[in-house]
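**Student:** Before anything else, here's the structure in question.
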Amino acid sequence: DTGVSQNPRHKITKRGQNVTFRCDPISEHNRLYWYRQTLGQGPEFLTYFQNEAQLEKSRLLSDRFSAERPKGSFSTLEIQRTEQGDSAMYLCASSFRQTSTDTQYFGPGTRLTVL
Amino acid sequence: GENVEQHPSTLSVQEGDSAVIKCTYSDSASNYFPWYKQELGKRPQLIIDIRSNVGEKKDQRIAVTLNKTAKHFSLHITETQPEDSAVYFCAASPSGNTGKLIFGQGTTLQVKP
């Protein structure tokens, strides 16, 4: 499968625990995005990378959230001290930047449930 | 701030009828408008997109129109089929060079056989 992949697909954790998700973009895609989607809503932008540089973070993203993309390949999203409000689907997307209107391809998502 | 409004939230049509979903955006410098289809439990899939230098684009039964003056764009699906049933999201890429997408709230389309 040459599409965007995400692991794990599901994560159940207790409030206060830390969790980490991984995204593997389509190879040669230099842009990578993280979005969060809650039930009945559209995806909400969290952050994005161009190669290994994190170039924008949403103002909605608390300091409990951190993302990395070492070497410009896969990316990880970590949530520290999880809260019940963090329960959502975390989607990753990648694109190959040719213009500012590059097509984003989404992964299957990681569904987080915080008990 | 950046915002995309989408209507209706639910839409039910008979098989063979047309369906229209409408979106408005707030950032007049937005330059890219994709539409995604998301089936239950699946990832969003791009079905069509339009860039700000084009007023209309068509791909078989699907078409998108853009009115930059009104900051409004629409998805048109003709000859609907039961497999068109899904949630549809519009999105806009606001000014700047990030390529990030601001999504609408989604429209649940039900096509009755």
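The values are calculated or read from the model by the stated rules, or taken from the named source; none is laboratory data. Since this is a predicted model, take the numbers as computed values, not measurements. Here the Cβ is made from the backbone with ideal geometry for all residues, glycine too, and neighbour counts use every protein chain on show. What goes into the accessible areas is simple: the full protein's heavy atoms, side chains included, and nothing from ligands, DNA or RNA. Shrake-Rupley method; radii C 1.70, N 1.55, O 1.52, S 1.80 Å.
**Student:** Compute a Gaussian network model of chain A, connecting alpha carbons closer than 10 Å, and tell me which residue from A:Asp24, A:Asp63, A:Asp86 fluctuates the most.
**Tutor:** With Cα springs under 10 Å in chain A, the top fluctuation among A:Asp24, A:Asp63, A:Asp86 is at A:Asp63.
**Student:** If the reach is capped at under 21 angstrom between alpha carbons, list the lysines near B:Lys58, excluding any in the same chain fewer than eight residues apart.
**Tutor:** Answer for B:Lys58, where 21 Å is the Cα cut-off: B:Lys22, B:Lys37, B:Lys68, B:Lys71, listed by chain and number.
**Student:** Per q in 0.15 1/Å, what log10 I(q)/I(0) does a Debye calculation on the alpha-carbon atoms of segment B:2-67 return?
**Tutor:** For segment B:2-67 at q = 0.15 Å⁻¹, log10 I(q)/I(0) is -0.57.
**Student:** In whole Hz, with x marking every Gly and Pro, tabulate ³J(HN,Hα) for segment B:69-84 from phi via Karplus 6.51 cos²θ - 1.76 cosθ + 1.60, θ = phi - 60°.
**Tutor:** 5, 8, 6, 9, 9, 9, 10, 10, 10, 9, 6, 4, 10, x, 6, 7
**Student:** Whose amide H sits under 5 Å from the amide H of A:Ser58, counting only residues 5 or more places off or on another chain, with H placed in the peptide plane?
**Tutor:** A:Thr47
**Student:** Considering chain A as a Gaussian network with a 10 Å cut-off on Cα pairs, which listed residue, A:Leu61, A:Leu91, A:Leu46, attains the greatest mean-square fluctuation?
**Tutor:** Top of the fluctuation ranking is A:Leu61.
**Student:** Under 28 Å Cα to Cα from A:Lys14, which lysines show up? Leave out anything in the same chain fewer than 8 places away.
**Tutor:** Filter leaves A:Lys57, B:Lys42.
**Student:** Considering only protein heavy atoms and a 1.4 Å probe, what is the carbon-and-sulfur percentage of the accessible area of chain B?
**Tutor:** Working: 2550 of 5450 Å².
Of the solvent-accessible surface of chain B, carbon and sulfur hold 47 percent.
**Student:** At what distance in nm do the modelled label points of B:Lys112 and B:Leu46 sit from each other, each positioned 7 Å from its Cα along Cα→Cβ?
**Tutor:** 3.5
**Student:** Please identify the trypsin sites (Lys or Arg not before Pro) of segment A:32-102 that satisfy two criteria: DSSP loop assignment and at most 15 other Cβ atoms within 10 Å. Which are they?
**Tutor:** Passing sites in segment A:32-102 are A:Arg59, A:Arg64, A:Arg81, A:Arg97.
**Student:** Computed FRET efficiency, Cβ-Cβ of A:Ser87 and A:Asn30, R0 35 Å: what is it to the nearest 0.05?
**Tutor:** Using R0 = 35 Å, I get an efficiency of 0.65.
**Student:** Which stretch or stretches of segment A:1-39 have amide N atoms under 13 Å from the point lying 7 Å from A:Glu78's Cα along the Cα→Cβ direction?
**Tutor:** From segment A:1-39, the list is A:18-22.
**Student:** Separation of segment A:14-31 and segment B:25-100 by C-alpha centroid, Å?
**Tutor:** Segment A:14-31 and segment B:25-100 have Cα centres spaced 26 Å from each other.
**Student:** So who's got an amide H within less than 5 Å of the one on B:Ala91, skipping anything under 5 residues away but keeping other chains? H placed 1.01 Å off N, in plane.
**Tutor:** Hits under the 5 Å cutoff: B:Gly104.
**Student:** For chain A, what proportion of DSSP beta bridges, expressed in % and rounded to the nearest 5, is antiparallel?
**Tutor:** Taking every DSSP beta bridge with both residues in chain A, the antiparallel ones total about 90 percent.
**Student:** Taking a virtual spin label 7 Å from the Cα of A:Arg97 along the C-beta vector, which residues in segment A:31-70 bring their backbone nitrogen under 11 Å of it?
**Tutor:** Counting only backbone N, you get A:31-32, A:48-56.
**Student:** Can you check how the C-alpha radius of gyration of chain A compares to 2.2 N^0.38 Å, as a plain ratio?
**Tutor:** Expressed relative to 2.2 N^0.38 Å, the Cα Rg reads 1.01.
**Student:** Moving on. Setting aside same-chain residues fewer than 8 positions from B:Lys57, which aspartates and glutamates have a Cα under 14 Å from its Cα?
**Tutor:** B:Asp49
**Student:** Turning to a different aspect of this structure: Using only the alpha carbons of the protein assembly as shown, determine the length spanned along each of the three principal axes and report them from longest to shortest in whole angstroms.
**Tutor:** 49, 37, 36
**Student:** First measure r as the distance between the Cβ atoms of B:Val54 and A:Lys14, then evaluate 1/(1 + (r/R0)^6) with R0 = 45 Å and state the FRET efficiency to the nearest 0.05.
**Tutor:** After rounding to 0.05, the efficiency reads 0.35.
**Student:** Starting from the Cα-Cα distance between A:Arg59 and A:Leu115, subtract it from 0.36 nm times their residue separation and give me the gain in nm to one decimal.
**Tutor:** Stretched fully, the A:Arg59-A:Leu115 segment lengthens by 17.6 nm.
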